[in-house]
Each structure stands twice: as C-alpha cells, then as structure tokens.
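Student: First, the structure itself, so that you have it in front of you.
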Amino acid sequence: MQWTVHGRRQLYSSEWLSVWLDDVEVPGGERFEHHVVRVPRPSVAVVVIDEQGRVLMLWRHRFITDTWGWEIPAGWTGDGESPVEAARREVEEETGWRPGSLTELCSYHPLDGLSDLSLVLYRANGATYTGQPADKSESSRIEWLPLDEVPRLLQDGLLRDGPSLTALSVVLAFPDQHAR
C-alpha cells in the first residue's frame, strides 16, 4: 500500500534539518496531515575493533534525553563528503584514533515513519592513535571495551544510542561476515 502525497508545506528549516507538514492519503481514502523531518545529508557510525576484540567507545551525556551511555563514533557527512570519508573523519575527530580499513555494514532509515534520515554503518578493523581528539566536547571518556561486554552494557542500560545498538548488533550477529 503506497500513500499518496497531495502536497507539503515547510514549517521550519535549518542547515541540520527541516520540518514539513505533508498532506497525505492512505489507501482506502483517509486523508490527513503528517509531520515529516527531513535531513539533508546522511549520517554515519563506526564500530572500530582492535586486534584484542575490543571496541572503541565514547562515554557521553545526551542533553535531549538527559542520559549517559556508551556510544560508537558517529556524525553527519560534510558538504561534498562521501559517507566513508565522513566515517574516517568522525572517528579521528571524536576519539583521536585513525581507523583502519572500513567495511560498510549496512545503510538504513532509523525513523522512516517520521524522517528521511539515512544512516550508514561501518566496521573498522584496527586504529592508529594520532593524539587527543580534535573535538573534546564529544565525550567525557574514550575507552576500548571488550566487544563481548556489549550485551551486559545493554542489560545495564549503558548502551542506549540507536546507531550504536544497531551497528554493534550487526557486528555481533555476523562476526565473520564483515571482518577482513
């Protein structure tokens, strides 16, 4: 069943996102207005795993939900930047580690009932320390945590970020499929 869009009007716009009110009709005839958040560029997230089976994580506070938790490096693509270039840049800016070879895990729309946000997930095998993170506001701590502790972090409520949950779940579900 495909919905019909009869029209749309913009309610808000910034360089990060825009909010629209779309006039839609679902099969069967019901017609209503639906809010849509449009994001102009894809986001990326990277699971960096070292030779000892540890994953590079950031301990962060998220003011919107007022929660603390572990996250993998992530961010938006820049103007004219490919997702893989953004993935490399984000890891190094946020952690001070330059990722090794990157393999795309998957891409998806995390909120496709509300937004067109596109997220591309990567796995990096290994990383080289380059110094302190360029963006010190990203986290309170940066640590290498054993990948096999991820289920405990989830159970303890210390892993709450959607891109991190998704990417780490893919890596745990298919441990050899994306390794090089």
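Student: Mind telling me which of Asp135, Asp116, Asp23 comes out most flexible in a GNM of the chain, alpha-carbon contacts under 10 Å?
Tutor: Looking only at Asp135, Asp116, Asp23, the biggest GNM fluctuation is shown by Asp23.
Student: Calculate how many DSSP beta bridges within the chain are antiparallel, expressed in % of all such bridges and rounded to the nearest 5. List each step's numbers first, then the result.
Tutor: Numbers: 40 of 48 bridges.
Restricted to the chain, the bridges split so that about 85 percent are antiparallel.
Student: Enter the mean projected area of the convex hull around the alpha-carbon atoms of the chain, in nm², rounded to one decimal.
Tutor: Hull-based average projected area comes out at 12.4 nm².
Student: Which whole number of Å³ per residue matches the convex hull of the alpha-carbon atoms in the range 43-125?
Tutor: Here the figure is 114 Å³ per residue.
Student: Which loop chymotrypsin sites (Phe, Trp or Tyr not before Pro) in the range 6-65, with loop taken from DSSP, have no more than 15 other Cβ atoms within 10 angstrom of their Cβ?
Tutor: Trp16, Phe63
Student: Whats the longest run of the chain with zero GluC sites (Glu not before Pro) that are DSSP loop and have at most 15 other Cβ atoms within 10 Å?
Tutor: That gives 52-180 as the longest site-free run.
Student: Per-residue ellipticity at 222 nm for the chain, helices alone: DSSP H runs ≥ 4 residues times -39500 (n - 2.57), over residue total, nearest 500 deg cm²/dmol?
Tutor: -5000 deg cm²/dmol
Student: What percentages, rounded to whole numbers, describe P(r) for the range 1-59 computed over all alpha carbon pairs with 5 Å bin width beginning at zero?
Tutor: Using 5 Å bins, I get a P(r) of 4, 15, 15, 12, 11, 10, 8, 7, 9, 6, 3, 0 for the range 1-59.
Student: Give me the angle, in degrees from 0 to 90, between the Cα long axis of helix 83-95 and the longest principal axis of the Cα atoms of the chain, rounded to the nearest 10.
Tutor: Once rounded, one gets 50 degrees.
Student: Right, another one. Just the projected area, averaged over all directions, of the convex hull on the alpha carbon atoms of the range 115-161: how many nm²?
Tutor: Over all viewing directions, the range 115-161 projects a mean Cα-hull area of 5.5 nm².
Student: Between helix 162-173 and the chain, what is the angle of the helix's C-alpha long axis to the longest principal axis, kept within 0 to 90° and rounded to the nearest 10?
Tutor: Orientation of helix 162-173: about 60 degrees from the principal axis.
Just so you know, all these numbers are worked out from the coordinates, no wet-lab data involved. From a predicted model like this one, the values you see are computed outputs, not experimental measurements. Cβ: placed from backbone, ideal geometry, glycine included. Neighbour counts: every protein chain shown.
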